[in-house]
Amino acid sequence: MSLAHRPPAASAPRVAILGAGIIGLAAAFELAVRRGVPVTVYDPAPFGRGASWAAAGMLAPAFEAAAETGAHPHLFELCHHGAELWPAFAADVGAASGTPLGFSAGPSLALAFDRDQTAALHHLARALDERGIAHEELRPGAAHELEPAIAPDLVAALHLPTDGQVDNRAVVSALIAALRACPHAALVNEAAPLADEGNGLTVPGHDLILAAAGWKTAAIEVRQDGELYSLVNWDTSLDEIDCYGGQMLSVGVGPDMPAMTLRCGGIYVAPKAERVIIGATMEPGIATEAPEPDKIAALRADAARLCPAIADAPELETWAGIRPGTPDRAPLIGATAAPGLYVAAGHYRNGILLAPITAHIIADLILGQPVHALAGEFSPHRSYSPVA
Ligand SMILES: Cc1cc2nc3c(=O)[nH]c(=O)nc-3n(C[C@H](O)[C@H](O)[C@H](O)COP(=O)(O)OP(=O)(O)OC[C@H]3O[C@@H](n4cnc5c(N)ncnc54)[C@H](O)[C@@H]3O)c2cc1C
């Protein structure tokens, strides 16, 4: 039986999903396409054009989460298990949509050009050793053999076989196509008619609600007694989701340009089939979607330090997106204080990586099935340890 024609169970709840970013779309895919549960995805903006469009598509548990100071103590495990779900997720979404997703399970290279960067690589290598995660310290010659586009003054490199990538724009487009083709899914280009008229939150025609509106999740509007309120009034934990702006650019591919994903501190170079993505700024509290020429120029200059050919590569596009962050840089996944309302939001720098595992956890919770052992750690009602 094809994935797209799995019949709904007679007892399946009808789920309203608020937000058509990769998190809402992946949850809809898991529920409707893989498990036959009827869903409606609501979004008043163009589907899939939020942070999920802006991202670089790196699937990087090692670089992003193994040594992240102040992060949730189980974030690395979530990211690591999340990466393990990607091959099957990419295969299913690719098959259901007929679209190639540019998925690669790895590797990436982390680079150092000075003493501080080398110390950071050693710190990451130690964290990976402690976790038993494969990696290899490379001498500059070995790194240049793998990726000749790297600048000649490289000091040290770390080979990260766990850190892969995908074309995130292809993924959200494929998810939308797969859901449009699924008889159990509907996509509605409007805000959901979410209301509380004294009996709790409801979306007419649905039994359960999943709030997955990225950095705007707390601000989802609820109608009550003819007035509009924000969803945060039904669960104050949603207020922990904050915005972190990120600006990026892409340049053209070419013979001297890199073919591998390269990381160096906050700068990365992520080659896709027809463009090379360069990122990214990290701007806490900033929710602008307009790229600024001086910041874009600085990003390109920093990236050219990694790969000199980037300096003269033709610019294709510049853009800005908004990461949804939380105090411990980990997502809120699970039931809220409001009966029937679930949340999946706040994925910060790892929402593309964490989409399949988030969708899995949400589907298991909603359907009352055994849930991944890590799920409880990411409850919206956890307490936060201070972030250094
Ligand atoms: C510059 C940048 C680079 C990144 N790089 C990576 C990376 O390499 N790897 C990685 O894993 N992650 C990366 N991320 C993080 C990742 O993009 C996010 O964590 C992820 O996209 C969040 O997905 P989302 O679905 O929660 O949010 P979004 O994609 O922002 O989607 C939220 C959706 O909710 C909709 N919405 C808003 N209000 C409402 C409402 N009231 N009702 C219904 N819908 C509503 C919006 O219109 C939007 O479509 C990056 C982010 C940025 C900005």
Listing His135, His159 from the residue with the fewest other Cβ atoms within 10 Å to the one with the most, what is the order? His159, His135
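Among Leu187, Leu75, which comes first, second and so on when ranked by fewest other beta-carbon atoms within 10 Å?
Numbers: Leu187 18, Leu75 24.
Final ranking by Cβ density, sparse to dense: Leu187, Leu75.
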If all Cα-Cα distances of the stretch 250-388 are sorted into 10 Å bins from 0 onward, what percent lands in each bin, rounded to whole numbers? 10, 32, 26, 20, 10, 1
Principal axis box of the stretch 71-184, alpha-carbon based, largest edge first, Å: 56, 35, 19
Compactness relative to 2.2 N^0.38 Å, alpha carbon Rg of the stretch 105-259: 1.59
In terms of the charge dipole of the chain, which places +1 on Lys and Arg and -1 on Asp and Glu at the beta carbon, the residue among Ala125, Pro293, Ala373 farthest towards the positive end is Ala373
Cα-based Rg then Dmax for the chain, in Å, read 20.8, 69
Tensor-based shape of the stretch 276-316 (alpha-carbon gyration tensor, a/c under 1.5 rounded, otherwise prolate or oblate): prolate
Go ahead and run the numbers for FRET between Ser379 and Ala134, Cβ-Cβ distance against an R0 of 25 Å, rounding to 0.05. 0.25
Dipole magnitude of the chain about its Cα centre, charges +1 at Lys/Arg Cβ and -1 at Asp/Glu Cβ only, in debye to the nearest 20? 720 debye
Residue order, fewest to most beta carbons within 10 Å, for His80, His144: His144, His80
In nm, the gap between the two label points placed 7 Å beyond Cα toward Cβ at Leu146 and Ala337 is 4.8 nm
First select every other residue whose beta carbon is under 15 angstrom from the beta carbon of Thr217; then total the charges, Lys and Arg +1, Asp and Glu -1. -4
Would you mind computing, in nm to one decimal, how far apart the modelled labels at Asp207 and Met282 are, each placed 7 Å from Cα along Cα→Cβ? 4.2 nm
Would you kindly calculate the translational diffusion coefficient of the stretch 1-114, applying Stokes-Einstein with the Kirkwood radius from alpha carbon pairs, for 10 °C and a viscosity of 1.306 mPa s, and quote it in µm² s⁻¹ without decimals? 97 µm²/s
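Taken together, the values in this text are just the output of simple stated rules run on the coordinates, not laboratory data. Predicted model only: the values in this text are computed from it and were never measured. For neighbour counting, all protein chains shown are included, and Cβ atoms are generated from backbone atoms with ideal geometry for every residue, glycine included.
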